[in-house]
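Working notes for the structure below.
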Amino acid sequence: MSEYKSKPDERGTRRPDGAAAAIIELDRELMKLLARRSVLLSRMREGKEQATGPAAIRAEKSVRIAWEAEAVNFSKDPLFSRQLFNLLQEIKVLRREEAQNAPVFNLNPPRRPISGTLAGPTDGFQARLRLILAACLGQDLELKNVLLTAELLEAVKICSRAGAACTYNGRGTGNVEVRAGKPLELGGRTFFVGDDFFVLCLIMFLALAKPGVLRFNGGSRLKFSDLRVLRGFLPLLGARFYHIVPHSLGLPAGLECSGEIPDEVTPPAELPVEAVCALLAAPVFWQRPFRADLALLPGKTRDAALANVLALYTETGAEFQIKGSLFDYSPGPLVLPRNPVLPLDPVLSAFILAFPAFAGGSITVLGKWPAQTPEAAMAEGLLKFAGLGLECEEGGIVAQAADNSTCLPLTLSDLNAEFGPLFLAICARRLILSDDPSFTKDAALFPRTEDATALAGDFFFRLGLDFQPGLAGKDGEKAEKAVSETEETRFWELRKRITPDRKGGENLTRDSGRRAGSAAWTCPDACWGMAFALAAFTRPGLVLANPGAVTEKNPVFWSIYNSLPDPRIHVPAWEEPREKIGDPNPRRRFKAD
């Protein structure tokens, strides 16, 4: 184990020895065993994602039973043992050549003022809601110039498997069409919902109108999710929700519907906002009187759900009333708009509108800004905190660098989780550009959760910042010393080489990205990936290992990012070679390593 001594790790400290070194060596052996297990599992499943043949299903069941028998002596927490087994079943090991050839993107955007106008990203939630309702009602629908996200395409497949005539065309952005037909019969079908919790809830609640049995399967996130809140709530609506895998809390699951929906229901306080939205939208398909008493829900959940659903009710001409915490629906004839104008997605739009805060200039995002929604208010507060001036117009919203940063009226715990990474990117820029290394004005507040603190620390470390959380009252933790003279920071200063670019500015060379801590970062989701791309304006040369995570949520983000400082997506990427997209400068905005 002496090989670990005197060798600096990526943070500039000495490699561990003793017990820590022994654990590192043991982890290596565990990874080899996990790789071998993954290969054997794939053989047992005959190379498929899930076991489908009778023999493979019996073999996998025997493996699970044996695991549970041995796990009694392994952990006192049976829930942990089951979750660990599910994680092992999901592991897929890349071959060595696949891992070595995996694309790694070096984020190196031009630091020149931005000037451009482009169509903004439409709200994927509203698109999926209208798509599924139109398919279930058997009505015509055409969604034009929408983001063809992984979630929306999965919803199109779900409707098609259920018997609806659904089609889409385009790449990145495009059109989705539903042709009129018979209303769908949801009973007796099996639906794969991916990791979309909203679509899972919406199909469940829509199916309650008639007696029947449904089955659901999904991606790894929903397999490992705790869905007990649905299991406890659905009996109030005349249905039984059960897990197919013994002792599981997530998918796969089944739903038995009696068709007897009560006239009134009170959702529990812990019901997620996606489930509340689905519950309020379902009566449009039920076509029966329904009252939901939202008194137990937190104000934030109630307001977000109503804001997302009321636009649908208004457009269809449905009769509804809101009195205090009561939401009443009265059945009547209604028709979904054939060509609805979808609002902008406030989260995805915020990341695009934030470009001038990092590079200067201004940008205009065309579309219907949902000014009355809580998410839009959060986005506006963050962008003003970043030093931008905003101007909402009838056909879009303009963001311009104004150098008039305001104090953020919210803490991170008040923001939606999707806005957290953008908040951190803004704070990191202000801390890096500050002359005072102990700068704490408007410092970021972090929630008291281990995962959130670890993610924030890793994100800051990649930017050359030392995250030292300290107490900031009961609301969270504060980065009191975000810029520090650690060995890693000094190493970064020694390694960076600054060269003038063609416009007379400064730009870091490719080698400068090879600093301590600059190994390719794997972002947890799309919002973290987009925040990392914005942070590259402040620290050019950041390396992102999984740009596809961003594409799943916003398929056109990299096209916009790669065309800066003149952002544009009016020429679809599939009609013009990638080399011709962007400005004439041959230097790529992000490079494959």
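Every read-out reported here was derived from the displayed coordinates using simple, explicitly stated rules and does not represent laboratory data. This structure is a prediction, so every number in the text was calculated from the model and none was measured. FYI the Cβ positions are ideal-geometry reconstructions off the backbone, even for glycines, and counts take in every protein chain you see.
Descriptive notes on the structure:
- When you count the other C-beta atoms within 10 angstrom of each residue and take the mean per peptide, 245-258, 104-117, 67-80 line up highest first as 104-117, 245-258, 67-80.
- 22 Å tail of the calculated P(r), the stretch 124-330, as % of Cα pairs: 47
- Paramagnetic label zone (point 7 Å from Cα along Cα-to-C-beta, Asp263; backbone N under 12 Å) in the stretch 271-305: 289-291
- Approximate spin-label separation Asp328-Asp226, in nm, with each point projected 7 Å along Cα-to-Cβ: 3.7
- Sorted largest first, extent of the stretch 53-158 alpha carbons per principal axis (Å): 62, 48, 30
- Summing +1 for each Lys or Arg and -1 for each Asp or Glu among the other residues whose beta-carbon sits under 15 angstrom from that of Leu296 gives -1.
- Here the extension length gained between Ala371 and Ala55 equals 108.2 nm, from 0.36 nm per residue of separation less the Cα-Cα distance.
- Debye-formula intensities of the stretch 273-327, expressed as log10 I(q)/I(0) at q = 0.16 Å⁻¹, are -0.43 (one equal scatterer per alpha-carbon, no solvent).
- Using R0 = 30 Å, the C-beta based FRET efficiency linking Thr167 and Lys92 works out to 0.45.
- Viscosity 1.567 mPa s, 4 °C: Kirkwood-radius Stokes-Einstein D of the stretch 104-229 over Cα pairs, µm²/s: 80
- Under 12 Å, Cβ to Cβ, from Ala307 - net charge with Lys/Arg +1 and Asp/Glu -1: -1
- Pairs from Lys76/Lys223; Lys210/Lys368; Lys384/Lys553; Lys210/Lys553; Lys92/Lys182; Lys182/Lys368 whose Cα-Cα separation, in the structure shown, is over 30 Å: Lys210/Lys368; Lys210/Lys553; Lys92/Lys182; Lys182/Lys368
- Approximate shape of the stretch 188-247 as ellipsoid semi-axes (Cα gyration tensor, √5λ), whole Å, largest first: 18, 14, 11
- Of every Cα-Cα pair in the stretch 186-303, the percent that sits beyond 19 Å: 42
- Approximate spin-label separation Asp303-Ala402, in nm, with each point projected 7 Å along Cα-to-Cβ: 2.2
- Loop-located GluC sites (Glu not before Pro) in the stretch 154-189 (DSSP state not H, G, I, E or B) with no more than 15 neighbouring Cβ atoms inside 10 Å: Glu185.
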